[in-house]
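K.L.:
Starting off with a structure, shown below.
Since every read-out is calculated from the coordinates, none of them should be taken as a lab result. Keep in mind it's a predicted model, so treat the numbers as computed, not measured. A quick note on method: Cβ atoms are made from the backbone with ideal geometry, for glycine too, and the neighbour counts reach across all protein chains shown.
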Amino acid sequence: MTEKFTCDDCGREFDSKRGLHIHQSQKHIEEDEENHSSSEDNNNEESKKAIFNFNNRKTVYASFLIGVLLGGFLIGGLNALNTQGVDLPSVNNDSSSDRIQFASSNISDDPTLGPSDAPVRVIMVTDYGCPWCAEWMGADAIPDDAARVNGRIDNNQNYDKLKENYIDTGEIQFTVMDYPAHPNALQAHKAANCIYEQDSSLYSEFSKTLYERRTEWLGGDSGQDMPDQTFRSIAQNVGANATAMEQCVSSSGNSEVQNDVNLVRSKVDRIGTPLFFIGSEEEGYVSLSGAQSYDTMSKIIDQELQNQG
């Protein structure tokens, strides 16, 4: 008899751990039989939404492939955020504007690499527990299965190329915004923010290692559920004061993460991580969703730089 995996939150059963993990990454949606059986016409997204029946192994596999081809799953992480103590606001998206506006003052506290006078800013909305975010950063977070139809994203070294060719040359600022949706991800984001406050020069290595060692600190079936030990180990390895980081995480509230969540949700109505905004405060930003290639992003950045010139 095939082993079943049950969601602790809603009691739904799955044929595989991967199916359960995918389900836990999504908002639990109350589905009736009609919603389960009608999935043919999704052309009008304003009146319909995709409903996946994850009890079926083929549907799990198909939805996983769709996520790969799009460059990342659309993970709102609504329930996960709420259980971690982060409230979700109602969406207030102004669709009348082609470009999205971000005031620098609204993201001034977020970890940022690159010179303050860089003409273009790249904002990455991320979840340290998100496998697609990890892959985009260069960490091997997707097993050797269906994901490989698009090749290994981590081999592209997107972040390293972006850092070498744009951040280190002073052409862009790279800002990270928090959108935690996986078990223990809130603590991971708080730890990274504390490291940035302690010594911004250590932030890049610390945050990248969070992606690389995500299975150690992730909770649920996806990881070993050892956040405290893992964060301390990473802090020590990068040369940070681990005790100071732990005190910072313990004493700080969720307001910094909450502010990021509120801001992102006010700009776009469907959140998929990684999500990028590329542009400037003066000209506005274009959005780019999914684990996009360096080549795709560099073309947009070059165009934004040209616009600034």
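K.L.:
Applying 1/(1 + (r/R0)^6) with R0 = 35 Å to the Cβ-Cβ distance of Ser233 and Asp109, what FRET efficiency is obtained, to the nearest 0.05? Intermediate results must be reported in sequence, preceding the final value.
P.N.:
Working: r = 26 Å, r/R0 = 0.75.
Calculated value: 0.85.
K.L.:
Roughly speaking, what is the stretch gain from Asp117 to Asn155, that is 0.36 nm per residue apart minus the C-alpha to C-alpha distance, in nm to one decimal?
P.N.:
10.6 nm
K.L.:
Report the equivalent ellipsoid semi-axes for region 182-309 in whole Å, largest first, defined as the square roots of five times the eigenvalues of the gyration tensor built from alpha carbon atoms. Before the final figure, lay out the partial values.
P.N.:
Working: eigenvalues 179, 57, 50 Å².
Rounded to whole Å, the semi-axes are 30, 17, 16.
K.L.:
Shifting gears a bit: Bin all alpha-carbon pair distances of region 135-248 at 10 Å intervals from 0 and give each bin's fraction as a whole percent.
P.N.:
13, 40, 35, 11, 0
K.L.:
For Tyr179, what is the net charge nearby, where nearby means another residue's Cβ is under 11 Å from its Cβ and Lys, Arg count +1, Asp, Glu -1? Don't jump to the answer; show the numbers that get you there.
P.N.:
Details: positive: Arg265; negative: Asp127, Asp178, Asp260.
After counting each charged neighbour, the total is -2.
K.L.:
Compute the FRET efficiency between Glu246 and Asp98 as 1/(1 + (r/R0)^6), taking r as their Cβ-Cβ distance and R0 = 41 Å, and round to the nearest 0.05. Mind showing how you got there, number by number?
P.N.:
Numbers: r = 44 Å, r/R0 = 1.08.
So the FRET efficiency works out to roughly 0.40.
K.L.:
At R0 = 45 Å, how high is the FRET efficiency between Asp168 and Asp225 if r is their beta carbon distance? Nearest 0.05 is fine.
P.N.:
On the way: r = 36 Å, r/R0 = 0.81.
It comes out at approximately 0.80.
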